[in-house]
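Each value in this text was obtained by applying a stated rule to the coordinates, not by laboratory testing. Not measured: the values here are computed from a predicted model. Don't worry about glycine lacking a Cβ; one is built from the backbone with ideal geometry, like all the others, and counts go over all protein chains shown.
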DNA sequence: GTAATTTCAGAAATCGATTGCACTATCGAT
DNA sequence: ATCGATAGTGCAATCGATTTCTGAAATTAC
């Protein structure tokens with residue numbers, strides 16, 4: 001433990017100059033002569049000087065850190081968002097502090113408080129499924145910390161946001177199934193009040209209507225995980241004649257449905273066509289058959305959200321509240337290609 | 001932007017006492033009378049005071065932050081390690097700063113430097129596939145920052161470590177296949193110099209030997225991702241008679257192999273049994289058939305590594321360099337159950 | 001009633017870097 | 001020779017909280 005860290009004072013002492021001069025020299029301040037600058041950088045290198053960012057942060061009341069709260073990093077989508085965030089943040093000299101809410105509002109509140117205490121300069125957040133209040137986010141806003149929401153946005157929170165075309169994705173997925181001749185299309189949706197799920201469901205309904213297919217409320221059922229979706233579909237198959245297609249709110253649910261369909265002895269896509277949402281490549285391409293899915297551009301979403309946040313953080317470039325929507329794209333694979 | 005943040009000075013002024021008294025009162029220092037403490041906490045609440053952790057960190061030259069470097073969070077295993085890290089860290093009042101190396105040594109070096117600059121109190125690291133030098137980690141060590149390596153450990157780096165029983169996992173997987181009557185077992189291994197892969201391969205070889213099966217070097221081939229594994233197996237099937245089992249160094253490789261086997265018209269597990277490694281439940285249970293795999297306890301690994309790190313960070317409790325090995329467990333599913 | 005403790009608080013230094021202001025040369029201009 | 005301007009540095013305050021040292025009042029001891 002080299003407990004004594006090197007500071008600008010050490011450099012100053014060694015050169016018989018003032019610490020302020022060292023500071024300015026290291027920062028390339030124009031007041032300082034070239035010869036002094038060279039001497040300072042040389043000694044700094046010799047002593048292996050590392051500026052104490054904590055002290056810098058205190059002095060400048062800025063931490064160059066962005067806080068991120070996501071439901072769970074285990075999902076490909078959120079992982080790729082995070083990669084996008086990191087790319088932009090790093091390139092602009094910022095650090096990233098990632099927190100998982102584990103789909104729990106309580107944990108999300110803890111995270112928000114911890115990030116506030118850590119004095120992050122800005123926050124990127126995608127709310128949990130169970131979030132029914134955002135006082136914890138308002139607290140940051142009240143302290144002047146800019147927030148950008150992405151993907152899962154909370155309705156009454158006045159911040160910038162980046163989302164994907166959830167409605168359009170749902171619409172296109174459904175239209176695709178209709179184009180393939182499907183008439184009885186089941187939709188697996190998420191419980192709770194996430195706007196993204198509602199939008200996907202709305203797209204589904206509107207596509208049906210547009211094609212003169214009467215919407216049957218019994219064909220929307222809950223199931224947004226492998227297990228719940230599988231069980232839900234099993235239940236349907238037990239009591240009713242099978243649907244000829246299933247559009248699931250996410251890929252894991254689609255896989256659950258696929259499993260149930262197969263176990264019931266039906267063929268995919270011939271008997272039942274299946275479409276998922278998000279396009280997690282570690283799932284969709286590996287399945288048997290590969291799964292058609294609506295691609296959500298996670299990486300781009302992360303990049304854009306971060307750029308918007310940095311913009312908000314800089315009073316000069318601040319363009320006010322904006323809501324960006326990224327394109328989704330239907331990636332057709334064998335599970336629906338008949 | 002409430003640019004003026006509340007400080008202990010504001011509380012002091014309001015109560016006509018000294019800032020030092022406020023500090024002590026908030027910390028529950030015994031020197032301060034109950035009445036003063038109450039008054040201080042009351043005013044602190046009234047003003048919605050939040051201590052400036054940056055200032056605290058500077059004063060105590062401690063950031064209460066743990067740095068984490070992992071190859072890629074998108075893998076279930078690393079996600080679960082991170083969850084384990086968070087659990088322990090949060091419960092001990094620490095923050096976590098997560099960085100991805102993206103399997104690039106250069107990025108890993110950047111991450112290490114950034115974390116050093118951020119003055120993390122300790123580092124948890126799992127090296128990238130391409131890491132061939134650890135000067136960037138030695139730099140932290142030189143500064144007295146404790147390091148604990150997990151899962152992927154670098155051979156000549158003298159730190160605490162937590163790993164899983166890779167050798168034993170490889171051995172058990174192979175023995176299991178032999179028990180199922182397999183005689184020609186292919187092993188898909190990772191390129192490069194990761195010790196974990198070497199250990200798994202060694203377990204494979206030893207199990208063969210123990211069962212009087214002659215080890216055929218042609219039966220160890222490279223393939224540690226879906227794509228590379230699939231192609232490698234396709235190649236084998238094209239030129240040779242198929243193996244009756246495949247043991248893959250990880251789950252994605254196993255799935256790639258599975259795909260190639262199926263496309264070749266062979267049945268799993270009847271013609272070819274398959275075993276993976278890590279047991280990523282978002283893969284193994286979803287596959288068709290479900291994949292047998294060697295479970296690596298990621299969450300526990302994260303917890304243990306963090307506990308060891310905290311121990312190292314506390315001079316009093318420091319028990320010196322230790323190497324912990326966690327149990328792996330073969331989870332048998334249909335892909336090998338015949 | 002005086003001395004010795006104890007209790008409770010304040011003053012000031014400190015952590016390390018930044019920055020407004022002041023100061024000293026140096027040089028050219030008048 | 002004097003005045004300004006300019007370049008190059010240093011001094012000291014500052015960010016906000018912690019902590020050592022010091023001191024006054026209150027309490028106890030004899």
* For A:85, A:214, B:82, order by how many other beta-carbon atoms lie within 10 Å, fewest first -> A:214, B:82, A:85
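Using the scaling law 2.2 N^0.38 Å as the reference, what is the normalised Cα Rg of the range B:1-90?
It is 1.55.
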* Asked: With the contact rule set at Cα under 8 Å and sequence spacing of 6 or more, what percent relative contact order holds for chain A?
  -> 17 percent
* **For the range B:8-51: relative contact order, % (alpha-carbon pairs under 8 angstrom, 6 or more apart)** => 37 percent
* To do: Give the Cα extents of the range A:105-242 along the principal axes, in whole Å, largest first.
  => 56, 29, 19
* Asked: How far is it, in nm, from the label point at residue B:29 to the one at residue A:264 when both lie 7 Å from their Cα along the line to the Cβ?
  -> 7.0 nm
* When a/c is below 1.5 the answer is rounded, else prolate if a/b is larger than b/c, else oblate, so apply that to the protein assembly as shown with a ≥ b ≥ c taken from the square roots of the Cα gyration tensor eigenvalues. => oblate
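Apply 1/(1 + (r/R0)^6) to the Cβ-Cβ distance of residue A:50 and residue A:227, taking R0 = 51 Å, and write down the FRET efficiency to the nearest 0.05.
The value I calculate is 0.55.
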* Asked: In units of 2.2 N^0.38 Å, what is the alpha-carbon radius of gyration of the range B:8-51?
  -> 0.97
* From the Cα gyration tensor of the range B:48-97, with a ≥ b ≥ c the square roots of its eigenvalues, which class applies: rounded if a/c is under 1.5, or else prolate if a/b is larger than b/c, or else oblate? -> prolate
* Structure fact -> Assertion target for A:186, A:208, ordered by fewest C-beta neighbours within 10 angstrom first, is A:208, A:186
* Structure fact -> Semi-axes of the range A:81-160 from the Cα gyration tensor (sqrt of 5 times each eigenvalue, largest first, whole Å) come to 20, 14, 12
* **At 0.890 mPa s and 25 °C, Stokes D of the range A:144-214 from Kirkwood alpha-carbon radius, µm² per second** => 183 µm²/s
* In a GNM of chain A with a 10 Å cut-off on Cα contacts, which of A:30, A:51, A:281 has the highest mean-square fluctuation? -> A:30
* Using a Förster distance of 41 angstrom, determine the FRET efficiency expected from the C-beta separation of residue A:91 and residue B:193, and round it to 0.05. => 0.85
* To do: Calculate the mean, over all residues of peptide B:69-82, of how many other protein chain Cβ atoms lie within 10 angstrom of the residue's Cβ.
  => 3
* To do: Give the shape of chain B as rounded, prolate or oblate, defined through the alpha-carbon gyration tensor: a ≥ b ≥ c are the square roots of its eigenvalues, a/c under 1.5 means rounded, and otherwise the shape is prolate if a/b is larger than b/c and oblate if not.
  => prolate
* Mind giving me the FRET efficiency for residue A:142 and residue A:110? R0 is 25 Å, r the Cβ-Cβ distance, nearest 0.05 is fine. => 0.90
* 19 Å cut-off, amide nitrogen to a point 7 angstrom out along residue B:239 Cα→Cβ, residues in the range B:206-220 -> B:216-220
* Structure fact -> Inter-chain shielding metric for B:55-61, i.e. average beta-carbon neighbours from other chains within 10 angstrom, reads 5
* At 222 nm, what helix-only mean residue ellipticity would the protein assembly as shown give, in deg cm²/dmol to the nearest 500, using -39500 (n - 2.57) for each DSSP H run of four or more? -> -14000 deg cm²/dmol
* Structure fact -> Highest GNM mean-square fluctuation among A:15, A:266, A:286, for chain A with Cα springs under 10 Å, belongs to A:15
* Asked: Could you state the principal axis extents of the C-alpha atoms in the range A:14-163, from the largest down, to the nearest angstrom?
  -> 61, 32, 22
* To do: Starting from the Cα of residue A:220, move 7 Å in the Cα-to-Cβ direction to define the label point; list residues of the range A:196-213 whose amide nitrogen is under 14 Å from there.
  => A:196-209
* Structure fact -> Tilt, helix B:34-46 to longest principal axis of chain B (alpha-carbon atoms), in degrees rounded to tens, equals 70 degrees
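Can you give the % of DSSP beta bridges in chain B that are antiparallel, to the nearest 5?
Taking every DSSP beta bridge within chain B, about 10 percent pair in antiparallel fashion.
If we count other beta carbons within 10 Å of each Cβ, what is the order of A:81, B:325, fewest first?
B:325, A:81
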* Structure fact -> Candidates A:278, A:23, A:161; GNM for chain A (alpha-carbon contacts under 10 Å) flags as most fluctuating A:23
* To do: Run the quick spin-label model on residue A:5 and residue A:300: label points 7 Å from Cα toward the beta carbon, then report their separation in nm to one decimal.
  => 4.1 nm
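Expressed as a rounded percentage, what relative contact order does the range B:1-108 have, with Cα pairs under 8 Å and six or more residues apart?
21 percent
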